[in-house]
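Participant: I'd like to ask some things about the structure below.
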Amino acid sequence: MLLVQLWQFILDPANAFWDHTVAYLEVCAVSVVLATVLGIAIGVAVVRSPLLSFLAVNLSGLMRAIPIIAFLAAALPYLGVGFKPTIVALTLLGIPPILLNTYTGIRGIEPAIIDAARGMGLNTRQILLRIQVPLVLPIVAAGVRTSAVQIVATATLAAIIGAGGYGEYIVNGLYEFKTVQILAGALPVALLALLIELLMGWLQRALTPAGLRVQETALSEAARA
Amino acid sequence: MARIAFHEVSKYYRGASKPAVDHVSFEVAESSICMLLGTSGSGKTTLLRMVNRLIEPSSGTITIDGHSILEENPIQLRRRIGYVIQQVGLFPHMTIAENVRLTAEIAGWSKARMESRVDELLTLVGLDPAEYRRRYPRQLSGGQQQRVGLARALAADPAILLMDEPFGALDAITRVHLQEELQRIQREMRKTILFVTHDVEEAFRLGDQIAILSEGRLVQIGTPVDLLLKPANEFVSRLIGSDNIQRQLQYLPVSSAMLTGTEAAGRYENQPRCSSEATLLEALMSLIASGAHSLIVYDEQSQAPIGTITLSAINQAITTARHAEAEKTTASPTH
Ligand SMILES: Nc1ncnc2c1ncn2[C@@H]1O[C@H](COP(=O)(O)OP(=O)(O)O)[C@@H](O)[C@H]1O
Ligand SMILES: [Mg+2]
């Protein structure tokens, strides 16, 4: 019964479900892309400086502790309402996990590996492309996975500051106490978050070189034996 | 073709009060192994890494076959010098074959040539290519990883090999195994090898020459026998254990203890013999095994009898160094 009502709600052109879907996906996609680019860029930029990396790592930790709703409220007077402040807020939310993973990924490469590569006569570009990127990419992908799921789950709040999307159904539904409307917003968000989680999990595994996976299999084989 | 020469080489690290390497000059002959021996912090690694310009000297010059390495592009220089380190530093995301062929790949070798080179090198270092090509570094033991490290360093057939405590992290048995493998490989390949170690036994076993470093200075350089017979000072004799009877027996040649004069040789036709190039230990073993009072020493080249060796002569030779040592220590309080 509820499902039928939900289906009718979605199909009703008056509810503009398609437009809301596009708006939601747009907000999420733009934020994830921006957070990824900025997170990696900052992570790479600070890695050589102990002071900068200390600042970046601790600020990121702090950022993750602040609830996004508080952030949106605080930023409202400066950023106003609409698409742009939503993107800014979600991007800021998404940067820390990516930045932290980029930083720890680069720092985690055994110095002996880089020393050996330099000693063999690899130039900076070859070390970057053949050694550093393949070793760090799966760790960065894990960060993007965390960020993307957080962004998708949080983007509903964008409705509060007028960026549209599924959040509008939820906000209005709560206001008018309409279960069907709430579900029309909440269900797609849950599905999308799940989809992103699966997709990014697959991507992360695909980006992990076989040589880094072997230890796990060796260990689990040992455990079985 | 690769003689390495250091001329007054020094390295001052920024902020350090003393130089890490202090006016060091010596030469490493082509196709020989020179061991850099010294305690931790004596500047061995710094000296080694200046040869492939991972560290730049503060002053002095290093030449290879007379050409200053400072005039060569560092990347090109490193590609013609093999580099092996204690932590190995294999690339964990690449298979063993990919690790070994990387330098050849960058040098633009054909695929077929690289593949046969990988098989050749893995066989050389004692790993069956069929079994190991497709494995990953993490699936190998420490000793096997260092074998791959050596194969990787040899990939582009460099004339020079730099090795920084390559076997330092291995257990005693594996270490001896790999030392023997290196000796076998060296007999085949004749590289010029600069080998850092803090293990005196390793220095004696592998070195054609041993350069002893202390606080960045070269204290003495010579063959193992030179160092045992004529340690430059007390530091050297302590470090190499000049009073270590086992080491003396193992490394000192029969010629260092031989009694010259061959009249005995004519008298005892059936007396056991030994080569002039045998070690004291070998002479001692055959004295015990034969029960003879003395052995006749034959010249290795001419096969002519040149002297005799007896138990008391061996005893005399290995105690001389210890007596000299004792005199030095009793004399020192007067300084
Ligand atoms: N990058 C560096 N910066 C400053 N001092 C260094 C550096 N590397 C080594 N040193 C110092 O130089 C000296 C020699 O070091 P090293 O060459 O590594 O010695 P070894 O390899 O014989 O142990 C030591 O006192 C060490 O602390
Ligand atoms: Mg060292």
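Participant: Based on DSSP H runs of at least 4 residues, each adding -39500 (n - 2.57), what is the mean residue ellipticity at 222 nm of chain B after dividing by all its residues, to the nearest 500 deg cm²/dmol? Working shown, then result.
Facilitator: Details: 14 runs with 138 residues, N = 335.
Computed mean residue ellipticity for chain B: -12000 deg cm²/dmol.
Participant: Work out from phi, with θ = phi - 60° and the Karplus expression 6.51 cos²θ - 1.76 cosθ + 1.60, the ³J(HN,Hα) of each residue of the range A:176-190, listed in order in whole Hz, and give x for Gly and Pro.
Facilitator: With the stated coefficients, the range A:176-190 comes to 9, 6, 10, 4, 4, 5, 4, 5, 4, x, 6, 4, x, 5, 4 Hz.
Participant: Another question about this same structure. Under 8 Å for C-alpha pairs, at least 6 residues apart: give me the relative contact order for chain A, rounded to a whole percent.
Facilitator: 25
Participant: Only Lys, Arg, Asp and Glu count, each charged at its Cβ (+1, +1, -1, -1), so figure out the dipole size of chain A about its Cα centre, rounded to 20 debye.
Facilitator: Dipole about the Cα centre, nearest 20: 740 debye.
Participant: Separate question: Which one of A:Arg205, A:Arg145, A:Arg213 has the biggest mean-square fluctuation once chain A is modelled by GNM with Cα springs under 10 Å?
Facilitator: The residue that fluctuates most here is A:Arg213.
Participant: How large, in Å, is the protein assembly as shown by the Kirkwood hydrodynamic radius built from its alpha-carbon pairs?
Facilitator: Details: mean 1/r = 0.0342 Å⁻¹.
This gives a value of 29.2 Å.
Participant: Can you tell me which lysines have their Cα less than 16 Å from the Cα of B:Lys18? Leave out same-chain residues fewer than eight positions away.
Facilitator: B:Lys44
Participant: Straight-line reach only, C-alpha to C-alpha below 17 angstrom: list the aspartates and glutamates that B:Lys230 could link to, leaving out same-chain residues fewer than 8 apart.
Facilitator: B:Asp208, B:Asp243, B:Glu325, B:Glu327
Participant: Further, regarding this structure: Would you please give the residues with an amide H less than 5 Å from that of B:Val196, counting only those at least 5 places away or on a separate chain, with H modeled from the backbone geometry?
Facilitator: Long-range HN contacts for B:Val196: B:Leu36, B:Met163, B:Asp164, B:Glu165.
Participant: Right, here's the next one. Hey, what did chain B get for relative contact order, percent, Cα under 8 Å, at least 6 apart?
Facilitator: Averaging sequence separation for qualifying contacts and normalising by length gives 18 percent for chain B.
Participant: For the residues B:Thr260, B:Thr103, what sequence is obtained by ranking on other C-beta atoms within 10 Å, fewest first?
Facilitator: The order, fewest Cβ neighbours first, is B:Thr260, B:Thr103.
Participant: Report ³J(HN,Hα) in whole Hz for each residue of the range B:66-81, in order, from the Karplus equation J = 6.51 cos²θ - 1.76 cosθ + 1.60 where θ = phi - 60°; Gly and Pro get x.
Facilitator: With coefficients 6.51, -1.76 and 1.60, one gets x, 9, 5, 6, 6, 8, 9, 4, x, 5, 4, 4, 5, 6, 10, 10 Hz.
Participant: Rounded to the nearest 0.05, what FRET efficiency is calculated for B:Ala29 and A:Thr104 with R0 set to 56 Å and r the Cβ-Cβ distance?
Facilitator: Result of the calculation: an efficiency of 0.75.
Participant: Please report A:Tyr78, B:Tyr83 as a ranked list, fewest other C-beta atoms within 10 angstrom at the top and most at the bottom.
Facilitator: Neighbour counts put them in this order, fewest first: A:Tyr78, B:Tyr83.
Participant: Using a 10 angstrom cutoff on alpha carbons, build the Gaussian network for chain B and name the most mobile of B:Ile69, B:Ile221, B:Ile240.
Facilitator: Per the Cα network of chain B with a 10 Å cutoff, B:Ile69 tops the list.
Participant: Starting from the amide H of B:Ile55, placed 1.01 Å from N in the peptide plane, find each other amide H under 5 Å away whose residue is 5 or more places distant or on another chain.
Facilitator: Amide H neighbours of B:Ile55: B:Met50.
Participant: Along the positive direction of the dipole of the protein assembly as shown (beta-carbon charges: Lys, Arg +1; Asp, Glu -1; about the Cα centre), which of A:Pro50, B:Leu287, B:Ser302 reaches farthest?
Facilitator: Going by the Cα projections, it comes out as A:Pro50.
Participant: OK, next. Name the residue farthest towards the positive end of the dipole of the protein assembly as shown from the options A:Thr124, B:Gly82, A:Val88, assuming +1 on Cβ of Lys and Arg, -1 on Cβ of Asp and Glu, about the Cα centre.
Facilitator: Farthest towards the positive end: A:Val88.
Participant: Farthest toward the dipole's positive end in chain A, which of A:Gln150, A:Thr36, A:Ala75, given Cβ charges of +1 (Lys, Arg) and -1 (Asp, Glu) about the Cα centre?
Facilitator: Farthest along the dipole direction, towards plus: A:Thr36.
Participant: So which trypsin sites (Lys or Arg not before Pro) in the range B:5-68 pass both tests, a DSSP loop state and at most 10 other Cβ atoms within 10 Å of the Cβ?
Facilitator: Within the range B:5-68, the qualifying trypsin sites (Lys or Arg not before Pro) (loop, at most 10 other Cβ atoms within 10 Å) are B:Arg14.
Participant: If you average 1/r over all unlike Cα pairs in chain B and invert the result, what Kirkwood radius do you get in angstrom?
Facilitator: One decimal place: 22.2 Å for the Kirkwood radius.
Participant: How long is the gain from B:Met189 to B:Ser110 if the chain were fully straight, where each residue apart is worth 0.36 nm and the alpha carbon distance is subtracted?
Facilitator: 26.1 nm
Participant: Could you identify which residue out of B:Val51, B:Val297, B:Val21 has the top mean-square fluctuation in a GNM of chain B using Cα springs shorter than 10 Å?
Facilitator: Greatest mean-square fluctuation among the candidates belongs to B:Val297.
Participant: Please list the three semi-axes, largest first and in whole Å, of the ellipsoid equivalent to the range B:250-317, using sqrt of 5 times the eigenvalues of its alpha carbon gyration tensor.
Facilitator: Semi-axes, largest first: 16, 14, 11 Å.
Quick note: the coordinates plus some simple rules give every number you see, no bench work behind them. In this text the structure is predicted, and so the values were computed from the model without any measurement. Ideal geometry is used to build each Cβ from the backbone, glycine not excepted, and the neighbour counts take in all protein chains shown.
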